[in-house]
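Notes follow the structure.
Every number here is computed from the coordinates shown, using simple stated rules; none is lab data. Source: prediction; values computed, not measured. Cβ: placed from backbone, ideal geometry, glycine included. Neighbour counts: every protein chain shown.
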Amino acid sequence: MKRSSVQRTHSTFKVALGVIALYTIVYYVMLRKVSRGLHLGHKDKQAALKPNNAEDGIVDKVEVALTSSPGGGTYPRLTKLPDASILASFTRWQGKERVLRISRSTDGGRNFLFFGEVTRSTGDLDNLFLLATAPSTVMAAFRNHDLAPDGSHSHFRITICQSTDGGKGFTFLSQAAEKGAPFGLWEPFPRIGAAGEVQLFYAQELAPDDQRIMRVDSHDQGKTWTNAQNIVVREDGTKLRDGMAGIAETKDDGGKQAAAALVMILETTRYGTFSLEAVVSYDDGATWTQRQEVYAPPTGHNAGAPQIASFGDGSLAVVFMTDEDSKKVEWTKYSSIKVIFSRPPQNGKMVWSKPQLVSPESSYWPGIMALDENTALAVYDRGGPRGKKILWNPK
């Protein structure tokens, strides 16, 4: 039966209404997506841009104490010696003095006993990092600042001491860097270069809103040092507070043949609060490029004080402290310790996993060191120096 013109018009009208309704729904969905994109926080931006494909790391539940004596301690760091023993260093307060203490483990990091002391002072003594430079020889690098009567800093130093008995006793060796007030020197990180030299990285303030990563070298195990160089260059001239540098050896799998690489992790202030970024070196730390975001917390929160370690396959683990789970923001208070993972760089780029909790709120100043090809030990201050193993099990 033929439809009348009225019926045909009515049918056409219903189709038109359906098309309009469909376009309205599509438009509404797209508008919500655009609106959401305009209001992404730092954390959401990172999730949108970086797929999390490296969630093969496991945080062990067992927590170990890094000291056998009461009294607490903060800013823990680890160093492995040629005899396979592990030294844990940290800062402890005794009355008005700060004391740089050392514990030792001879069972792979399961137990630590008091072993030695580097030095003590009523000044601003902290940021101790140990490095084995030869059999039984250990170099200690730390901040060693003078304080004026009003408590302000009057002189800044990165001091070097040396032990020839495996880290039990230390004597003064040199000043790797020093300067008068204002603007300080902080957070030394030492490593052995490919030619056997000691490379020492540290943060130097140039202005309240401008801090750089500097490098000095020693070719005589810390007795003398080269002039300082700013090695993380910001070509756009942006003023940021780069600090807390840590470095791990890895490889770049992006080419036909894997290339040796170093990855430096650092905290910075690109969003006003602290977040994490990284740079990559293919020439043993002489130059650094491929600056990229590693982790940014929700807007208004902080993620800082990172350190980094690598596993046997070149994969990376970064530990850091963050207040992103706290309703209060008063950096560095209310911080927890978290860890993220990445497979080795591909043409300089890394993809990082979602963070896993290592230690809950009121945990501070983490460090990390690889124990073997699939295990690292993350350390932190939670009412004293403590640690947990990080297990890497790539699928």
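In terms of modelled amide H atoms, which long-range or inter-chain residues lie less than 5 Å from the amide H of residue 154?
Under 5 Å from the amide H of residue 154 lie the amide H atoms of 146, 147, 148, each far enough along the sequence or on another chain.
Run the numbers for residue 172 and residue 209: contour at 0.36 nm per residue of separation, minus the present Cα-Cα distance, in nm.
Details: separation 37, 0.36 × 37 = 13.32 nm, distance 3.29 nm.
Extending this stretch completely gives an extra 10.0 nm.
Using only alpha carbon pairs under 8 Å that are at least six residues apart, calculate the relative contact order of the chain and give it in whole percent. Please list the in-between numbers first.
Details: 1034 pairs, mean separation 58.6, N = 395.
Once divided by the residue count of the chain, the mean separation gives 15 percent.
Under a point-charge model restricted to the Cβ atoms of Lys and Arg (+1) and Asp and Glu (-1), what is the dipole moment magnitude of the chain relative to its Cα centre, in debye to the nearest 20? Walk me through the numbers before you get to the answer.
Numbers: 47 positive and 42 negative charges, 436 e Å.
It works out to roughly 2100 debye.
Using R₀ = 25 Å, calculate the FRET efficiency as 1/(1 + (r/R₀)^6) where r is the Cβ-Cβ separation of residue 395 and residue 346; round to 0.05. Present the calculation step by step, with values, prior to reporting the outcome.
On the way: r = 18 Å, r/R0 = 0.72.
Here the calculated transfer efficiency is 0.90.
Over the chain, what portion of Cα pair distances is larger than 38 Å, expressed as a whole percent? Let's see the in-between values first.
On the way: 18120 of 77815 pairs.
When every Cα pair of the chain is considered, 23 percent fall beyond 38 Å.
Take the Cα pairs of the range 72-231, get the Kirkwood Rh, then feed it into Stokes-Einstein at 37 °C and 0.692 mPa s and tell me D in µm²/s. Please list the in-between numbers first.
On the way: Rh = 16.0 Å.
Stokes-Einstein gives a translational diffusion coefficient of 205 µm²/s.
Please identify, among 70, 208, 190, the residue showing maximal mean-square fluctuation in a Gaussian network model of the chain using a 10 angstrom Cα cutoff.
In this elastic network of the chain, the residue with the biggest mean-square fluctuation among 70, 208, 190 is 70.
Looking only at the range 287-319, which residues have a backbone nitrogen under 16 Å from a spot 7 Å from the Cα of residue 56 in the C-beta direction?
310-318
Subtract the Cα-Cα distance of residue 111 and residue 249 from 0.36 nm times their separation in residues, and report this length gain in nm to one decimal. Could the numbers behind the result be given before it?
Details: separation 138, 0.36 × 138 = 49.68 nm, distance 2.67 nm.
Full extension of this stretch gives 47.0 nm more.
Label-point separation (nm) for residue 270 and residue 286, each offset 7 Å from Cα along Cα-to-Cβ?
2.7 nm
Output wanted: per-residue J couplings in Hz (rounded whole) for the range 180-190, from phi through Karplus 6.51 cos²θ - 1.76 cosθ + 1.60, θ = phi - 60°, x for Gly and Pro.
For the range 180-190, the Karplus-derived couplings read x, 6, x, 6, x, 10, 9, 6, x, 10, x Hz, x marking Gly and Pro.
Calculate for the chain the 222 nm mean residue ellipticity that helices alone would give, adding -39,500 (n - 2.57) per DSSP H run of length 4 or more and normalising by residue count, nearest 500 deg cm²/dmol.
Numbers: 2 runs with 42 residues, N = 395.
Counting only the DSSP helices, I get -3500 deg cm²/dmol.
Along the charge dipole of the range 72-231, which of 172, 93, 203 sits closest to the positive end, that is, farthest toward it, with unit charges on the beta carbon of Lys, Arg, Asp and Glu (+1, +1, -1, -1)?
With unit charges placed on the Cβ atoms, the residue in question is 93.
Could you state the number of Å between the C-alpha centres of the range 209-279 and the range 163-189?
Centre-to-centre (Cα) distance: 19 Å.
Roughly how tilted is helix 5-38, in degrees to the nearest 10 and between 0 and 90, from the longest Cα axis of the chain?
Compared with the principal axis, the helix lies near 10 degrees.
Subtract the Cα-Cα distance of residue 150 and residue 227 from 0.36 nm times their separation in residues, and report this length gain in nm to one decimal. The partial results should precede the final answer.
Working: separation 77, 0.36 × 77 = 27.72 nm, distance 3.18 nm.
Contour length minus the Cα-Cα distance gives 24.5 nm.
Quick check on packing: order 110-123, 313-326, 78-91 by the mean number of other C-beta atoms within 10 Å, highest mean leading. Before the final figure, lay out each step's value.
Values: 110-123: 16.5, 313-326: 23.2, 78-91: 20.1.
Ranked by mean Cβ neighbours within 10 Å, highest first: 313-326, 78-91, 110-123.
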